[in-house]
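Down below is the structure, laid out as structure tokens.
The values are calculated or read from the model by the stated rules, or taken from the named source; none is laboratory data. Please read all numbers here as calculations on a predicted model, not as lab measurements. FYI the Cβ positions are ideal-geometry reconstructions off the backbone, even for glycines, and counts take in every protein chain you see. Ligands, DNA and RNA are excluded from the accessible area calculation, which covers all protein heavy atoms including side chains. Shrake-Rupley method; radii C 1.70, N 1.55, O 1.52, S 1.80 Å.
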Amino acid sequence: MISKPTPTPGPEGVTTRAPPPGAPPPPPPGRGAPAPAPAGPPPIEHPLPSPPADTPAQPPLPELAASDAPALAALKSLVGPQRIELFHTDELIRRFVATVDNLPREKAFTRLMPVKQVPGGFVVDREGERTVIGKANEARYTPYVRLAEAIDPRTAAAVYIHFYPLLQQQYRSLGYPDRYFNDRVIAAIDDMLAAPDVSGPVRLTQPRVLYQFEDPELEKLSAGRKIMIRMGPANAARVKQRLRLVRAELTKSPPPR
């Protein structure tokens with residue numbers, strides 16, 4: 001004679017029946033479908049192009065720790081001996097990667113940039129009780145704008161492609177083992193290209209020591225976009241033109257509109 005399962009009290013007074021003899025045990029509580037497999041690295045959006053066919057043969061790359069001398073030599077050939085004074089001459093790979101990574105963020109530290117800080121103090125003008133970016137402030141950026149216009153985008157791209165393995169290695173060391181550095185370069189360029197064209201005086205506030213944009217929409221912009229605004233609309237237009245040319249060389253496509 002087979003005995004019937006005995007009802008047992010369940011939660012909240014609900015009566016349940018015990019499983020019949022030989023039935024498989026119920027799954028342990030809290031264990032549902034298997035966890036999804038971890039996501040792989042993000043897809044590469046902007047594969048590094050091949051160097052131009054007429055690029056001269058390059059020497060083998062050194063180790064990252066020994067890259068200062070060849071990187072400086074390449075930079076001198078790119079910008080010329082007269083403009084090399086605008087650059088720091090140490091840790092160029094590290095400085096370049098850190099700056100590219102920081103420009104689309106809230107802050108980009110000048111001490112980490114490959115170029116030296118813009119000389120002179122930040123120039124402001126007074127318009128009644130308002131403080132605005134001074135018209136003379138644009139002149140502080142003139143050497144850097146001329147530097148950008150003096151660099152041949154095609155040659156710059158060839159140098160960048162040659163040193164790319166070291167740049168990618170340095171980028172990984174920042175904590176991005178699965179990220180592609182050229183994608184970050186294009187993101188930084190696109191971010192600066194999207195800087196607004198501000199017409200008229202740019203109003204400032206000075207809550208403490210440093211000036212801030214009075215317009216909260218400008219103040220929350222990335223570090224790269226703020227640089228474009230500080231240099232003035234005429235300078236920004238010239239720099240954007242060079243950025244478009246460099247972007248075209250690194251992607252073989254125009255920037256998005």
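Within segment 59-73, can you find the residues that are open to solvent by less than 50 Å² (accessible area, probe 1.4 Å) and among the small types (G, A, S)? The answer is S67, A71.
Scanning segment 95-141 for residues that are free of Cβ contacts under 8 Å to residues at least 60 places away in the same chain and hydroxyl-bearing (S, T, Y) turns up T99, T110.
Residues of segment 198-228 being within 14 Å of the chain's Cα centre (by Cα) and in a loop (DSSP other than H, G, I, E, B), which ones? Within segment 198-228, L221, S222 qualify. Restricting A195, A148, A156, A188 to those that are under 23 Å from P104 (Cα atoms), at pLDDT 95 or above and part of a loop (DSSP other than H, G, I, E, B) reduces the list to A195. Taking first residues from segment 56-67 that are over 22 Å from R154 (Cα atoms) and partners that are open to solvent by 80 Å² or more (accessible area, probe 1.4 Å) and modelled with pLDDT of 95 or more, the Cβ contacts under 6 Å between residues at least 6 apart in sequence or on separate chains come to L64/Q169.
Inside segment 200-224, residues that are aliphatic (A, V, I, L, M) and in contact with a Lys or Arg (Cβ under 9 Å, 6 or more places away or on another chain) make up a count of 4.
Test D90 against the criterion of being more than 27 Å from A248 (Cβ to Cβ) and outside any helix (DSSP H, G or I), and give yes or no. When the stated conditions are applied, D90 passes them. The set of residues in segment 106-135 being surrounded by 11 or more Cβ atoms within 10 Å (Cβ to Cβ) and more than 23 Å from L221 (Cβ to Cβ) consists of K116 alone. Annotation for segment 74-94: at least one member residue is under 23 Å from the mean Cα position of the chain (by Cα), touching a residue at least 12 places away in the same chain (Cβ under 8 Å), farther than 30 Å from E219 by Cα and loosely packed, with under 14 Cβ neighbours inside 10 Å. In this entry, P56 is excluded by the filter for residues that are modelled with pLDDT under 95, part of a loop (DSSP other than H, G, I, E, B) and open to solvent by less than 30 Å² (accessible area, probe 1.4 Å). Out of curiosity, is Y160 open to solvent by less than 50 Å² (accessible area, probe 1.4 Å), among the hydroxyl-bearing types (S, T, Y), closer than 15 Å to E249 by Cα and touching a residue at least 60 places away in the same chain (Cβ under 8 Å)? In short, yes.
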